Amino acid sequence: MKNQTEEMCLIVVKQYGENLRYVKNQTEKICLEAVKQNGLSLQYVHNPTEVMCIDALNQNLDSIQYIDIQKYPELYEKYVFMIK
């Protein structure tokens with residue numbers, strides 16, 4: 001997307017979270033909206049925060065595969081047992 005503004009990017013990721021893959025200047029606000037819409041969009045977040053990971057997991061437990069186990073071991077251990 002050319003000439004990306006934060007407002008435009010927010011609109012796009014609210015409609016479909018995986019549009020985050022096309023956002024060049026990811027802000028925390030944009031990334032949070034994307035993972036709230038679709039937890040699997042966590043895979044496109046360059047440096048996810050713990051809050052983003054939690055929101056992604058709350059939206060879709062399958063997003064656990066995109067969480068850095070070394071960065072968030074407690075989070076990973078908490079949710080891995082909820083899968084299947």
- Query: List the aspartates and glutamates whose alpha-carbon lies under 17 Å from that of Lys24, not counting same-chain residues fewer than 8 positions away?
  - Reply: Glu6, Glu7, Glu33
- Going toward the positive end of the dipole of the stretch 6-80, with +1 on Lys and Arg Cβ and -1 on Asp and Glu Cβ, which of Tyr66, Cys9, Asn47 do you reach last? Cys9
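Want the number for Lys29 to Asp68: 0.36 nm per residue separation, take away the alpha-carbon distance, what's left? Each step should come with its number before you reach the end.
Numbers: separation 39, 0.36 × 39 = 14.04 nm, distance 2.02 nm.
Gain on extension, Lys29 to Asp68, equals 12.0 nm.
Which value does Rg/Rh take for the stretch 6-80 over its C-alpha atoms, Rh per Kirkwood? Can you show the working numbers first?
Numbers: Rg = 11.5 Å, Rh = 11.9 Å.
Taking Rh as the inverse mean 1/r over Cα pairs, Rg/Rh reads 0.97.
Laboratory data are not the source of any read-out in this text; all were calculated from the coordinates shown. Predicted model only: the values in this text are computed from it and were never measured. Positions of Cβ are generated from backbone atoms using ideal geometry, with glycine treated the same way; all protein chains shown enter the neighbour counts.
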